[in-house]
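Here is the structure we will look at.
The values are calculated or read from the model by the stated rules, or taken from the named source; none is laboratory data. In this text the structure is predicted, and so the values were computed from the model without any measurement. Cβ coordinates were reconstructed from backbone atoms using ideal geometry, including for glycine residues, and neighbour counts include every protein chain displayed. Each accessible area value is taken on the protein alone, full model and side chains, heavy atoms only, with ligands, DNA and RNA left out. Shrake-Rupley method; radii C 1.70, N 1.55, O 1.52, S 1.80 Å.
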Amino acid sequence: MLSAKKRSFYLGRMAREKLDLLVIGGGTTAAAIVRDASFRGMRAGLLDCGSFVPDACKYEIGSTLQDYLAWGQEGKPGIIRKAKVSREAAMEREELLRRFPHLIERLTATQLLGGSAALKASGCRWFLYRRLADSRRKQKQVSRSERGAMPPLQGLRIAAGGSRSCHTEPAYRRNEARLAMELLKSACSQGALLCNYVDVQSIIYRRGRIDGVRVADRISGEQYHIHAHQLIVAGVSPMGEHLADMDGKPYKRSPFMKSLHLVLDRKKLPIGGPLAFTTDCGMQVEAMPLTGVVYVRAVDSKAAIAPEEDKAPTDEDIRKLLLLLQHAFPDCQLSAQHVVSAWSAPLAFSYGEEGSRTARRYRGQGIRLCDSGLLAVADEAPAGVLRRAEAVVDFVSAQLQDCYGTIYPASRADYEPLGGGQGQAGAMPFPRMKQRLVKLGMTFDLVPDAVLELIARYGSDTAIMLQGMADVTEYDTTDEKLMYSELKYNVEHEMTVTLADFLLYRTGWLFFHPHRAEAALSDVTAMMGKLLQWGRDDEEWQLALLRQQLKRMGSQVQTMMKHAMQELEKEEVGNAHV
């Protein structure tokens, strides 16, 4: 189990035995790498300075056209290789849909094309790319008069000059945070050692090459020396940037771009499916409907910012994005009062040492081996996560075989079951499993919507929480029993350590339902304090960490949670006085 109570045990084991590979960073890329390695029998470990899940975004949309536009730099050769990577990514999305039906959803996406984006998707290169990427996918060119009748845009009138053309195609929407968590739990079941909230203090060298790292546990303050044959920085994260700076090599980084995330009331933007458009100024905007809200993400590819610039979006940023949406949908009268929450984060895709080289077969996966032995893995958007992880572990396996003579088998990750989904072959179909879980929840007086919400996050593991409600005797109401059972599952199976872990990353309430997070703050604090045996100082540290996380959120969420934390502190002071 990926238990928060075993963090010291995991770190102690990492310090006692030398690992084959140690991954620094969180997210789906790092999780997939450590999972693939653990299934091959490697001694694998993963460390993250915060929570395990990505900070920048929660949901991703993937389609052939999105992959094509994401590559950029079309004029350079290599369209066949790019199309091959896109086809592998499409196959992987289908595989993830089969394994994680609660996290992956197949929808019809709409791409509004204007300016340079329309030119990119109207030439021979686009049709060749589409044919090579997946000949089974069918695109449809839609006229302006037909756009209002399309399911994703039902009832909306797109501005006449807003786009030159419009494409609809099959797409996949996936929950990145929950997918990373399921991959990590699968890796832990195969013996991988994982720990969050760990800071890298320094790098350990042996004969001029990296041999490990010195780390400090942010919770207990204890320090450890962890040695590994191969150190991997997966993705571009603050921890990876810090490690690269400590290595002292001339690193080449792509510029950080500013990404702005908004959550709007779905009644004000009633779209029926995901859509995306790119403005002439280089702003890439995606909108995805969720339960009761619409998630909007905007990336400004021409606005380079510093990686440490991770603050709340300004009113001007929100106003500009609302104006873009208003221009695309003039029938929707959007204003700042319709914004449920907002946050911003720096976004980058790749970095590597100047002059670093790898074998030709691995270059398309964004793998770069530095002279010091540090392996940097880039987050290239069109590439599939599982395929990239397999290529990384293949490369590490070849390195270990050349240096130590150890031979590891080929990847077995595709054939192994994953938690939360359908499980092993021949298991119960997902729709039937949902019906059984809803009936099980009704025996505990739970409404179907509450059970379906849990299934959307945990899949078949929802049964563990529902069955655990029978053992909860400390609380009387059904809602309290369900909350305590869910928190217990998060602590014992998903290494939930802080209030921010649960409210921000595991459930996404602070992102998408801040009013719910405000109402649950007091109960979550009391229940987690009981599960993790917090003292007064621990609770103060937890609230301070939550304030730090709230600095990235919009002013509306900050004010809301500030009042809730003040009430909680007054209640704690009153109890201490009594």
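Anything in region 257-283 that is within 22 Å of R106 (Cα to Cα), open to solvent by 10 Å² or more (accessible area, probe 1.4 Å) and in contact with a helix residue (DSSP H, G or I) (Cβ under 8 Å, 6 or more places away or on another chain)? List them, or say none. The answer is G272, F277.
Taking the listed residues R81, R87, R131, the one that is part of a helix (DSSP H, G or I), open to solvent by 80 Å² or more (accessible area, probe 1.4 Å), over 14 Å from L69 (Cα atoms) and at pLDDT 75 or above is R87, with no other qualifying. Does region 362-391 hold any residues that are modelled with pLDDT under 75 and on the phi < 0 side of the Ramachandran plot, and which are they? Answer for region 362-391, where residues must be modelled with pLDDT under 75 and on the phi < 0 side of the Ramachandran plot: Y362, R363, G364, Q365, A378, D379, E380, A381, P382, A383. Each residue in region 212-231 was checked for being in contact with a Lys or Arg (Cβ under 9 Å, 6 or more places away or on another chain) and open to solvent by 10 Å² or more (accessible area, probe 1.4 Å), and 7 of them qualify.
Please indicate, with yes or no, whether at least one residue in region 346-360 is at pLDDT 75 or above and of a type in the set (G, A, S). No; the residues of region 346-360 include none that is at pLDDT 75 or above and of a type in the set (G, A, S). In region 538-562, the residue that is nearest to V263 (Cα to Cα) out of those that are part of a helix (DSSP H, G or I), touching a residue at least 60 places away in the same chain (Cβ under 8 Å) and open to solvent by less than 70 Å² (accessible area, probe 1.4 Å) is V557.
Out of contact with any helix residue (DSSP H, G or I) (no Cβ under 9 Å at 6 or more places or on another chain) and in a helix (DSSP H, G or I): does that describe D523? Here the answer is no, as D523 does not meet what is asked.
So, in region 147-188, of the ones that are charged (D, E, K, R) and modelled with pLDDT of 85 or more, which residue ends up farthest from the chain's Cα centre (by Cα)? Only one residue fits best here, namely K185.
In region 473-492, of all residues being surrounded by fewer than 20 Cβ atoms within 10 Å (Cβ to Cβ) and among the charged types (D, E, K, R), the one that is farthest from D445 (Cα to Cα) corresponds to E492. Each residue in region 497-528 was checked for being open to solvent by 10 Å² or more (accessible area, probe 1.4 Å) and over 24 Å from the mean Cα position of the chain (by Cα), and 4 pass. Evaluate region 170-192: report whether one residue or more is touching a helix residue (DSSP H, G or I) at 6+ places or on another chain (Cβ under 6 Å), part of a strand (DSSP E or B) and open to solvent by less than 10 Å² (accessible area, probe 1.4 Å). Within region 170-192, not a single residue is touching a helix residue (DSSP H, G or I) at 6+ places or on another chain (Cβ under 6 Å), part of a strand (DSSP E or B) and open to solvent by less than 10 Å² (accessible area, probe 1.4 Å). Looking at region 501-512, is at least one residue assigned to a loop (DSSP other than H, G, I, E, B) and either more than 19 Å from F52 (Cα to Cα) or small (G, A, S) (or both)? Yes: one or more hits.
Of the numbered criteria (1) buried (at least 20 other Cβ atoms within 10 Å of the Cβ); (2) of a type outside the set (D, E, K, R); (3) touching a residue at least 24 places away in the same chain (Cβ under 8 Å), the one A470 fails is (1).
Figure legend. Inter-residue proximity from region 509-525: first residues among the polar types (S, T, N, Q), second residues crowded, with 22+ Cβ neighbours inside 10 Å, beta-carbon distance below 8 Å, spacing 6+ or different chains. Indicated pairs: T525/L499. Does K249 satisfy being open to solvent by 60 Å² or more (accessible area, probe 1.4 Å), assigned to a loop (DSSP other than H, G, I, E, B) and either hydroxyl-bearing (S, T, Y) or modelled with pLDDT of 65 or more (or both)? No.
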